[in-house]
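Every number here is computed from the coordinates shown, using simple stated rules; none is lab data. What you see is a predicted model; the values in this text were computed from it and never measured. Note: ideal-geometry Cβ built from the backbone for every residue, glycine included; neighbour counts use all protein chains shown.
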Amino acid sequence: MRQVVFAHFLTRLPGDAIIEFDICGEDGRAVYHNDSITINSRGHLVFGGCDTVELARTYKTPLYVMDEVAIRRAARHLRSALEDVYPDAEVIYASKAFCTVAMCRLVDEEGLSLDVSSGGELYTALVAGFPPEKIYFHGNNKSPEEIEMGLKAGIGRFMVDNLFELELINQLAGRLKKKADIILRITPGVEAHTHDYIRTGQIDSKFGIGITGGQAQRAVEKALAMDNVELRGFHCHIGSQIQEIEPYVLSAGIMMDFISDVRESTGFTASELDLGGGIGIRYVESDARMDLPSLFAAISKTIADKAERHGIPLPRLLIEPGRYIVGEAGITLYTVGAVKDIPGVRTYVAVDGGMADNPRVALYRAQYEAVVANKANLRPTAVVSIAGKACESGDMLIWDIELPRVEPGDIIAVLSTGAYTYSMASNYNRFPRPACVFVSEGEAYCVVERETYEDIIAKDRLPGAIGQARPSAAAL
Ligand SMILES: Cc1ncc(COP(=O)(O)O)c(C=O)c1O
């Protein structure tokens, strides 16, 4: 059972006097969930300086809300913490976590590079005017059309996942009379301590080329012999929501050993090492936030030690965080509908969204905290479970959370939903996808409009006999 406990919040009394006070949990500890959150004098949850109840009223629910200041803060913290210990480094935002035109602009403004993993993400970045040379193109099964799109746009790097793709990129680059800069994705065989389904670093993975068995070595030889690709270095990604430093240190060491082995056997010296993303964030109180300076110091030391031991130059170091940049910078607002009490069993609080706008709970059994946004200053009184409105029993947002009394019409804010929610959203049950607003120091602006029912049927067609037999969409 989890409970969000707000500490030391400010309340403005009539006459504008401000009082400060703490609310402590039963164990005496008290914490804010994160820096974007406060509570105002109406007892409403404030996110990025905006009253979330007002946001829900203005933009309707479900609603994704992202704090622009928090996104920028995370991006800057990553850059400075990395560059402090490893000057020749680059932070690449993994856009799969949250990708919109506005987000791509913001990433560019913060001086980060961009990881895209599909034609759609690449298209979004290009429309946003993102510098193509700072785009890294991932994906384990890029189509010829996607590869051509990247080649024509002049993207920075293709992150090559397998031998088939290596051949394809070489072929297509040749046809277009281009040379593609590539990085080979390697599976170092390191397991990050996280849920099975989001581990991608093991040998048994659909991603990357394994070091053991010599496959990676053979891929290097192949790449070096090709006319239309230029091998720059190696990449690995060992998992997601990683809360420990050790797996990163382990994979950095393995990758440096691999760079040295390749240099010995082929004479090729990798100039770039990309250690992927996966840096953990705080979803629930028990999650440890990664200490970035310690993480980067440990990685940097491993790389330096290995470089010295093997007598190889230090590679340019790349990292690809996604959720670290947007995860805690986002919340989702919902309106409560039915509250169903099954005496002695459970109280289900049904909201107007769920797995269609946030499939992470159903997919990964992800855990979240929540606040009743219009009763944020009230103490919890009961344990409830927050259910979605999709026709799936697994459509739950939170099991067993302590909240104040919840009634129909209340606004629920689910916290730390900035990553892999909007980007994973679907139209299941033909729910229109929610709007997304950015907030910044009390200002709110829409970056993605809410879908309409017209949007839902926009690509439907009534061909031939079916079209004759039933009323047309226009007549509905
Ligand atoms: C290759 C690669 N890089 C980066 C990321 C970003 O991971 P995270 O958002 O956990 O930092 C992922 C996530 O799946 C990935 O597959």
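About the centre of its Cα atoms, the chain shows a dipole size close to 960 debye [charges on the beta carbon of Lys, Arg (+1) and Asp, Glu (-1) only; nearest 20 debye].
Based on alpha carbons, the Rg and Dmax found for the chain are 24.3, 77 Å.
Pairs spanning more than 31 Å between alpha-carbon atoms, out of LYS96/LYS152; LYS134/LYS459; LYS134/LYS389; LYS96/LYS222: LYS134/LYS459; LYS134/LYS389.
Taking a label point 7 Å from the Cα of GLU145 along the Cα→Cβ vector, which residues of the range 91-129 have an amide N closer than 18 Å to it? Counting backbone N atoms under 18 Å from the label point, the list is 117-127.
In percent, rounded to a whole number, the relative contact order of the chain is 18, using alpha-carbon pairs under 8 Å and six or more apart. Free of any trypsin sites (Lys or Arg not before Pro) that DSSP assigns to a loop and that have at most 12 other C-beta atoms within 10 Å, the longest stretch within the chain is 207-364. Ordering SER41, SER118, SER36 by the number of other Cβ atoms within 10 Å of each residue's own Cβ, fewest first, gives SER41, SER118, SER36.
Mark the label point 7 Å from the Cα of GLN171 along Cα→Cβ and return the residues of the range 211-226 whose backbone N is within less than 20 Å of it. Once the point is set 7 Å along Cα→Cβ of GLN171, 219-226 turn out to lie under 20 Å by backbone N, inside the range 211-226. Annotation: the antiparallel percentage among DSSP beta bridges lying fully within the chain is about 50.
Our compactness index for the range 68-326, the C-alpha radius of gyration over the empirical 2.2 N^0.38 Å, is 0.95.
Taking N as the number of residues in the range 158-291, what value does Rg over Cα atoms divided by 2.2 N^0.38 Å take? Write out the running numbers ahead of the final one.
Details: Rg = 16.1 Å, N = 134, 2.2 N^0.38 = 14.1 Å.
Working it through for the range 158-291, the quotient is 1.14.
Ordering VAL127, GLN243, PHE296 by Cα displacement along the dipole of the range 68-326 toward the positive end leaves VAL127 in first place; charges were set at the Cβ atoms of Lys, Arg (+1) and Asp, Glu (-1).
Using helices alone, what [θ] at 222 nm do you get for the chain, with -39,500 (n - 2.57) per DSSP H run of 4 or more residues, divided over all residues and rounded to the nearest 500?
Values: 13 runs with 138 residues, N = 476.
That comes out to -8500 deg cm²/dmol.
How large is the dipole of the range 68-326 about the Cα centre if only Lys and Arg carry +1 and Asp and Glu carry -1, each at its Cβ, rounded to the nearest 20 debye? Once rounded to the nearest 20, the dipole reads 420 debye.
By other beta-carbon atoms within 10 Å, ranking VAL249, VAL345, VAL229, VAL351 with the fewest at the front produces VAL345, VAL249, VAL229, VAL351.
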